[in-house]
Amino acid sequence: IDATAASNPVPVLLADVLEIEMHADILTTGCTDIDTLLAGGEGLPCGAITELVGQVASGKTQLCFSAAIHAAATHDATVAYLDTTNCFSPARLRQIFRTNVAYDKDFTDDTLQDTLTKIRCLKCFDVLQLFDTLEHIQTAIDAGNNDFYNNLKLVIIDSIASVISPILGCSGNS
């Protein structure tokens with residue numbers, strides 16, 4: 001992360017931003033009602049930051065799991081899942097796939113395995129690990145020689161609060 005770039009932002013033309021947004025891929029979360037609330041009623045826009053906020057145990061992680069499995073299965077995208085709470089669950093991903101994705105489509109166990117290989121869980125238990133991981137992802141994308149990162153459409157940080165809150169002197173449970 002370059003602190004100089006953050007303190008000296010590069011001006012961006014609104015027309016350029018709108019052009020990018022008009023051509024951005026939209027990924028479904030797997031929940032039609034939530035997709036309706038996002039990105040003009042379609043889902044999660046690629047290239048944008050979407051923050052999920054809610055009480056403990058309100059379903060934020062489950063929505064992240066659902067978005068990850070749907071991006072990998074139905075959009076043929078790769079997903080980097082940055083787990084800061086050690087709550088990543090491949091078993092839960094399989095369950096979501098079988099009940100929500102494969103329910104109305106002709107998917108097999110081979111499709112499930114192929115889908116799961118498109119999701120990488122990266123563990124980050126403090127803010128420095130998180131920054132290092134994000135920098136690694138950016139470097140891999142810029143290099144352009146890794147199929148996983150070339151097709152990366154979704155980066156999930158679950159949860160940013162758990163690595164930022166200790167710095168602020170709070171508990172990081174939300």
(request) Output the peptides 74-83, 29-38 sorted from most to least packed, where packing is the average of other Cβ atoms within 10 Å over each peptide's residues. (result) 74-83, 29-38
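What does the extension gain come out to for residue 50 and residue 165, with contour length at 0.36 nm per residue minus their alpha carbon separation?
On the way: separation 115, 0.36 × 115 = 41.40 nm, distance 1.90 nm.
That works out to 39.5 nm of additional length.
What does the C-alpha gyration tensor say about the overall shape of region 108-174? Classify as rounded when a/c is under 1.5, otherwise prolate if a/b is larger than b/c, or oblate. If you can, show how the numbers build up before the last one.
On the way: a/c = 3.81, a/b = 1.60, b/c = 2.38.
Judged from the Cα gyration tensor, region 108-174 comes out oblate (a/c at least 1.5, b/c at or above a/b).
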(request) Go through region 56-63 residue by residue and turn each phi into a ³J(HN,Hα) via Karplus (6.51, -1.76, 1.60, θ = phi - 60°); whole Hz please, and just put x for glycine and proline. (result) 4, 6, 8, x, 4, 5, 4, 5
(request) Quick one: which residues, 5 or more positions from residue 157 or on another chain, have an amide H under 5 Å from its amide H? H modelled 1.01 Å from N in the peptide plane, none for Pro or chain starts. (result) 82
(request) Run the quick spin-label model on residue 155 and residue 37: label points 7 Å from Cα toward the beta carbon, then report their separation in nm to one decimal. (result) 2.5 nm
(request) Pop the C-beta distance of residue 114 and residue 141 into the FRET formula with R0 = 25 Å and round what comes out to the nearest 0.05. (result) 0.70
(message) Bin width 10 Å, origin at 0, all Cα-Cα pairs of region 30-174: what percent of pairs per bin?
(response) 11, 39, 37, 12, 1
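Can you tell me how much longer the chain between residue 92 and residue 129 gets when fully stretched, taken as 0.36 nm per residue apart minus their C-alpha distance, in nm with one decimal?
The span from residue 92 to residue 129 would gain 10.8 nm if fully extended.
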(request) Considering the options 148, 116, 138, tell which one lies farthest towards the positive end of the dipole of region 71-171, charges being +1 on Lys and Arg and -1 on Asp and Glu at the Cβ, about the Cα centre. (result) 116
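Ignoring ligands, DNA and RNA, please state the percent of accessible area on region 27-174 from carbon and sulfur, probe 1.4 Å. It would help to have the intermediate numbers written out before the result.
Working: 4280 of 8330 Å².
Carbon and sulfur atoms account for 51 percent of the accessible area of region 27-174.
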(message) Please list, ordered by chain and number, the residues whose modelled amide H lies under 5 Å from the amide H of residue 46; skip anything fewer than 5 residues away on the same chain.
(response) 25, 26, 27
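The values are calculated or read from the model by the stated rules, or taken from the named source; none is laboratory data. These numbers come from a predicted model, not from an experiment. In this analysis, Cβ positions are derived from the backbone assuming ideal geometry, glycine residues included, and neighbour counts consider all displayed protein chains. Quick note on the areas: whole protein, heavy atoms, side chains included, nothing else; ligands and nucleic acids left out. Shrake-Rupley method; radii C 1.70, N 1.55, O 1.52, S 1.80 Å.
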